[in-house]
Amino acid sequence: MFKETLTTVYIASGQPEAQIIKGRLESEGIPAMLRYESAGLVYGLTIDGLGQVEIQVPSSLAQKAKEILAA
């Protein structure tokens, strides 16, 4: 999907928040990918980082993505 290096621009506390952030970036034309530990998703755990979801974008768009999320 991505041929460029990915950069994490946001760390969400769970899947619902991550999906919202991903959708926001994609609505602005920035492709995004979610990276997470599968055990957190399967068991619904949100402790010790298991529920965290990293939102990643192509490195060339990272600054723009951060500006969008800060607004």
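Here, each number is a calculation from the coordinates, and none is a lab measurement. Remember, it's a predicted structure, so these values are computed and weren't measured experimentally. For neighbour counting, all protein chains shown are included, and Cβ atoms are generated from backbone atoms with ideal geometry for every residue, glycine included.
If the Cβ limit is 8 Å and pairs must be 6+ apart or interchain, which residue in the range 9-31 that is under 14 Å from K64 (Cα atoms) pairs with which residue that is surrounded by 15 or more Cβ atoms within 10 Å (Cβ to Cβ) and of a type in the set (S, T, N, Q)?
V9/Q56
What are the pairs, 6+ residues apart or on separate chains, where a residue within the range 57-71 that is within 13 Å of K22 (Cα to Cα) has its Cβ under 8 Å from a residue that is in a helix (DSSP H, G or I) and small (G, A, S)?
The qualifying pairs are V57/A65.
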